[in-house]
1. Checking the conditions here, which among L185, L99 is part of a loop (DSSP other than H, G, I, E, B), on the phi < 0 side of the Ramachandran plot, surrounded by 17 or more Cβ atoms within 10 Å (Cβ to Cβ) and touching a helix residue (DSSP H, G or I) at 6+ places or on another chain (Cβ under 8 Å)?
2. Here are G190, G206: which of them is in contact with a helix residue (DSSP H, G or I) (Cβ under 9 Å, 6 or more places away or on another chain) and at pLDDT 95 or above?
3. Out of the residues in the range 141-156 that are closer than 16 Å to G76 by Cβ and touching a residue at least 40 places away in the same chain (Cβ under 8 Å), state the one that is surrounded by the most Cβ atoms within 10 Å (Cβ to Cβ).
4. Yes or no: G204 surrounded by fewer than 16 Cβ atoms within 10 Å (Cβ to Cβ) and not in a helix (DSSP H, G or I)?
5. Against the conditions (1) surrounded by fewer than 22 Cβ atoms within 10 Å (Cβ to Cβ); (2) at pLDDT 95 or above, where does T88 fall short? Just the number, please.
6. Among the residues of the range 74-96, write down those that are in contact with a strand residue (DSSP E or B) (Cβ under 8 Å, 6 or more places away or on another chain) and either free of Cβ contacts under 8 Å to residues at least 24 places away in the same chain or assigned to a helix (DSSP H, G or I) (or both).
7. Got a number for residues in the range 126-166 being outside any loop (DSSP other than H, G, I, E, B) and either aromatic (F, W, Y) or under 30 Å from P44 (Cα atoms) (or both)?
8. R113: modelled with pLDDT of 95 or more, within 21 Å of the chain's Cα centre (by Cα), basic (K, R) and within 22 Å of Y244 (Cα to Cα), yes or no?
Amino acid sequence: MPRISRVTPGIPRLLGALALLAATLTAGTAVAPAAVADPEPKAPQEFVALSDVDPTILHDIRYLTRHNFIGDPVDGYRQPLCVVTRSTADALHRAQTELRKDGYSLKVYDCYRPQRAVDHFVAWAKDLDDERMKEEFYPHVDKSVLFDDGYIAEKSGHSRGSTVDLTLVKLPAATTRPYVPGEELAPCFGAKEDRFPDNSVDMGTGYDCFDTLSHTLDPRIQGEQLANRLLLKDALERVGFVNYAYEWWHFTHQPELFPQTYFDFPVHRRSLSGR
């Protein structure tokens with residue numbers, strides 16, 4: 001008689017269940033898509049690096065550093081680069097050419113500003129406990145009124161690509177020491193020798209000074225300080241820029257190439273790739 005194998009009751013059902021589970025896991029693995037990060041947005045063809053148009057214009061891109069009113073590098077700034085529309089860069093080049101004849105150079109603090117950087121400003125302004133840089137940039141302004149007073153807004157003309165923050169430097173340009181995080185701060189509206197060192201001419205306040213003394217034609221600004229502001233203002237107005245009356249450093253080239261568009265590509269060479 002042939003031998004009859006005995007199978008333990010329940011084993012076939014267990015093996016079937018395991019086979020079904022393995023098949024399900026294998027199928028899930030096969031169809032699961034790989035995670036792919038969204039690509040960073042690119043700049044339109046009309047944007048250029050200012051240094052490619054005029055390498056003589058000085059750069060001090062503050063939002064890439066900790067020396068700004070937030071106290072941290074700002075979102076979206078990846079390189080110490082001034083990115084603007086080509087028409088804006090060409091106009092700055094024309095102004096620089098004339099200023100250099102008189103022994104001056106332009107120096108840019110900020111140019112195109114990504115929307116994500118503006119969002120960073122807004123988030124910081126809502127955090128009333130973070131006042132690390134108050135003693136330098138807004139000593140007389142309560143942080144709770146930065147929106148009401150117009151110092152911070154949810155949109156910025158900088159994000160359209162035709163606005164720049166800049167100053168004048170007497171040539172040959174002196175070197176300046178870097179900011180040391182945590183160092184003692186001095187008010188931005190103090191005497192030039194008391195403010196944080198900057199190789200720019202004396203404009204009466206430092207850059208990004210949240211104070212009425214920053215108004216371009218504030219009547220308290222006189223003498224050499226007023227002459228320096230007017231030298232910058234006149235040189236830029238001759239090539240099509242319009243000054244924002246509340247900030248001596250803030251100018252927009254007219255007509256704007258993108259008057260209604262707020263871009264968010266990072267400040268980096270890769271944003272201008274292929275050109």
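1. Being part of a loop (DSSP other than H, G, I, E, B), on the phi < 0 side of the Ramachandran plot, surrounded by 17 or more Cβ atoms within 10 Å (Cβ to Cβ) and touching a helix residue (DSSP H, G or I) at 6+ places or on another chain (Cβ under 8 Å) holds for just one of L185, L99, which is L185.
2. Working: G190 fails: in contact with a helix residue (DSSP H, G or I) (Cβ under 9 Å, 6 or more places away or on another chain).
Just one listed residue meets the conditions, G206.
3. S156
4. Numbers: surrounded by fewer than 16 Cβ atoms within 10 Å (Cβ to Cβ): no; not in a helix (DSSP H, G or I): yes.
In short, no.
5. Here T88 meets the rest and fails (1).
6. Here is the first cut: in the range 74-96, the residues in contact with a strand residue (DSSP E or B) (Cβ under 8 Å, 6 or more places away or on another chain) are 76-89, 91-92, 95-96.
Those that are in contact with a strand residue (DSSP E or B) (Cβ under 8 Å, 6 or more places away or on another chain) and either free of Cβ contacts under 8 Å to residues at least 24 places away in the same chain or assigned to a helix (DSSP H, G or I) (or both): P80, R86, S87, T88, A89, A91, L92, A95, Q96.
7. Here is the first cut: in the range 126-166, the residues outside any loop (DSSP other than H, G, I, E, B) are 126, 134-137, 143-145, 157-160, 163-166.
Within this subset, residues satisfying the condition of being either aromatic (F, W, Y) or under 30 Å from P44 (Cα atoms) (or both) are 137, 157-160, 163-166.
Result for the range 126-166: 9.
8. Working: modelled with pLDDT of 95 or more: yes; within 21 Å of the chain's Cα centre (by Cα): yes; basic (K, R): yes; within 22 Å of Y244 (Cα to Cα): yes.
Taking the combined requirement at face value, the residue satisfies it.
The values are calculated or read from the model by the stated rules, or taken from the named source; none is laboratory data. Note that the structure is predicted; figures quoted are calculated from it, not measured. Note: ideal-geometry Cβ built from the backbone for every residue, glycine included; neighbour counts use all protein chains shown.
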